[in-house]
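Accompanying notes for the structure given below.
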Amino acid sequence: MTLSMVKIAADTAETAEKSGSLPQQDLSTFPGQIFWLLVTFGIMYLIMSRVFLPKLSGMIEERRDRIADDYDQAAELKRQAEEAEVAYNQSLADAKAKASSIAAETRADLDKEIATMSAKNDEQLASQVASAETRINDMKNAAAAKVQEAAVDTTRALVEALIDEMPTAEATKAAISQN
Amino acid sequence: MEMEAAKMIGAGIAALPLAAAGIGLGLIFSSFLTGAFRNPSAAAANRGTMFLAFALTEFTGLLGFVLAMIILGQ
Amino acid sequence: MADLLNVIITNLLGLAKQNPIGLKAADPMEQFEIVRIFPVGNTPFDFSNASLSMVMVVVVSCIFMFLATRKVSMVPGRMQAVGETLHGFVSDMLREMAGNDGLRFFPYIFTLFLFIFVANLLGLLPTLPSIPKMFHVFTPTSHLAVTLSLAMITISIVLIYGLYKNGFKFFKLFLPGGVPLWLAPLIVPIEIVSFLSRPLSLAIRLFANMFAGHLILKLFAGFVVSLIAAGGLMSGLAILPILGNVAIYLLEILVAFLQAYIFSVLSCMYLGDALHPDH
């Protein structure tokens, strides 16, 4: 099998050999090939470098710039967000401190107010109690005076009935007070 | 006819470097694969160098082939 | 066993030579022949099938790039993504090999890569049978004249640009830094020879790869025809070279890309030398 292939290959090589030397060795075709290579390669170079590659490079460049810009923007936004977070935390802490100070202040105010109010109340109550006591005393005195007056009047009336002579008020009074 | 036979023999001898080039290519690929299996993460970076070495080695064998063809074509 | 094999081989060879059913495989060397299409005046610059295939390479490349850049947008479409991948591939290669200031050669390297790649790929298309020979599929990069010219363009740019930019410092290229002076008589000739062999090795590598690949494809195709023509048991065996051909064809697509890549990478490297001869 392999041997037969080798034989055939040798055969084909023989026919190739009969057709002369290699086409690549034929120097008469060299000028034409080189000339047309230079022409086609030069045209292709001009077309590529003038038309197609600038388009492609421009777009790639633009995309790279855009991506870099977006990255920068994202970094800027991130920085801003971080700043905002710091500010937020700061203001939160401030607000908390403020709130607690306000609460303490309010509590102190209230305590003070309560104290003043209760003091005022006490004072008021005390004065009321005092005035009530003086009133009671007054009333007691007045009542005692009224009782004496009534006794004087009664005594005078009794005396008039008994002796038909009305003693003076002062004398009666004195007489009663002596008893 | 003796000339024909001499040409064939000469072409055959001229094609012998292909064997050495084959050994060389085997060495290149085996070394690359050994390295690649040991450190797969570095394999991709060295693939270009490997192909370069492949081309440079293959050139030796191809010179033999071209010589053989030129001798046959004379 | 040996007798059987002998009978088969003699049968096969006999049949293959006489070819009873009129099948005929093309000569494997026929695909490389240059046929004149029309002469250009009195000059030796004939327009041949090689020229036609190079024109086709330019046309196909331009169609591809036209589709890729037809409507460029921030969010790339399918063709634009392909174009940008190619653009990024070539520019990364250039930047890695020649540094950032190597990017001035970007259009040249891009054109070079695309030209070689498309030429290699177009050469892999099958030829329609029974069309005039001048329109057969032809691979321009399978000819030494073309690849050597491409390599010479690169080397000319290296020489001219290197001398223009660095003046006499360019010759530091032949004496790498850190080499003791007494070694110079040894190193300098070696470096000069290696510099002079660069275009030759570039050209022969591409040419020989394309030449060998296409030759093997056609040889295997020839086996298929010979086996089918042999008839009987041998016709069944024709499936083997067909499978082989499929595998080689896939390999050739890889080689088409790889050779374009290697030609461009080495060109980038040499251009990097022109930019920084004293690296």
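The values are calculated or read from the model by the stated rules, or taken from the named source; none is laboratory data. Because the structure is a prediction, the values reported are computed rather than measured. In this analysis, Cβ positions are derived from the backbone assuming ideal geometry, glycine residues included, and neighbour counts consider all displayed protein chains. Only protein heavy atoms, including side chains, enter the accessible area calculation; ligands, DNA and RNA are left aside. Shrake-Rupley method; radii C 1.70, N 1.55, O 1.52, S 1.80 Å.
Structure data summary
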read-out	value
Backbone HN-Hα couplings from phi across the range C:235-245 [Karplus 6.51/-1.76/1.60, Hz, Gly and Pro as x]	4, x, 5, 4, 5, 5, x, 5, 4, x, 4
Distance between modelled label sites at A:VAL51 and C:ASP27, nm, 7 Å Cα→Cβ extension	3.9
With Cα atoms, 0 to 90° folded angle of helix C:106-122 axis to chain C main axis	0
log10 of Debye I(q)/I(0), alpha-carbon scatterers only, for the range A:91-179 at 0.17 Å⁻¹	-0.83
Derived scalar couplings ³J(HN,Hα) [the range B:37-47; Karplus, 6.51 cos²θ - 1.76 cosθ + 1.60; whole Hz; x for Gly, Pro]	6, 6, 9, x, 6, 8, 5, 4, 5, 9, 5
Largest-first principal axis extents of the Cα set of the protein assembly as shown (Å)	208, 69, 51
Per-pair calculated FRET efficiency, R0 = 41 Å: A:ALA175 and A:ARG135 via Cβ, rounded to 0.05	0.85
Where Rh is the Kirkwood radius over Cα pairs, Rg/Rh for the range C:160-234	1.44
Computed FRET value (nearest 0.05) for A:MET166 with A:GLU123, which takes r as the C-beta separation and R₀ as 56 Å	0.60
Inter-centroid distance (Cα atoms) of the range C:41-101 relative to the range C:188-206, Å	27
Rg over Rh, two decimals, the range C:196-275 (C-alpha only, Kirkwood Rh)	1.24
Potential lengthening between C:MET74 and C:MET152 on full extension [0.36 nm per residue; Cα-Cα distance subtracted]	24.2 nm
Approximate spin-label separation A:ARG107-C:LEU125, in nm, with each point projected 7 Å along Cα-to-Cβ	9.4
Nonlocal Lys pairs with alpha-carbon distance under 19 Å, chain C (8 or more apart, or different chains)	4
Gaussian network model of chain C, springs between alpha carbon atoms under 10 Å - residue of C:ALA247, C:ALA119, C:ALA50 with greatest fluctuation	C:ALA247
Nearest-0.05 FRET efficiency for B:SER31 and B:GLU4, computed from C-beta distance (R0 51 Å)	0.75
Length gained when the stretch A:ILE43-A:GLU149 is fully extended (0.36 nm per residue, less Cα-Cα span)	23.0 nm
Relative contact order (%) - criterion: Cα under 8 Å, at least six apart; region: the range B:2-73	59
Residue-averaged 222 nm ellipticity for chain A, from DSSP H runs of 4+ at -39500 (n - 2.57), nearest 500	-32000 deg cm²/dmol
Global form of the range A:19-104, assessed from the alpha-carbon gyration tensor, a/c cut-off 1.5	prolate
At q = 0.09, 0.12, 0.14 Å⁻¹, base-10 log of I(q)/I(0) for chain C (Debye sum, equal scatterers on each alpha carbon)	-0.60, -0.90, -1.07
Heavy-atom accessible surface of chain C: percent carbon and sulfur, 1.4 Å	73
Shielding of A:46-58 by partner chains, average beta-carbon count, 10 Å	6
Backbone HN-Hα couplings from phi across the range A:143-155 [Karplus 6.51/-1.76/1.60, Hz, Gly and Pro as x]	4, 4, 5, 4, 4, 4, 4, 4, 5, 4, 4, 4, 4
Backbone N under 11 Å from the C:LEU183 label point (7 Å along Cα→Cβ), restricted to the range C:257-279	none
P(r) histogram, all alpha-carbon pairs of chain B included - 5 Å bins from 0, percent	3, 16, 19, 15, 12, 10, 8, 6, 5, 3, 2, 0
Kirkwood-type radius of chain A, with distances r between different C-alpha atoms, in Å	32.5
Point-to-point label distance, C:PHE168-A:LYS78, nm (Cα→Cβ direction, 7 Å offset)	5.5
Amide H within-cut-off set for C:ILE37, under 5 Å, with H built and near neighbours excluded	C:PHE47, C:SER48, C:ASN49
Probe 1.4 Å, all protein chains present, accessible-area order of B:ILE70, C:ILE190, largest first	C:ILE190, B:ILE70
DSSP-assigned coil residues among GluC sites (Glu not before Pro) in chain B, each with at most 15 further Cβ atoms within 10 Å	none
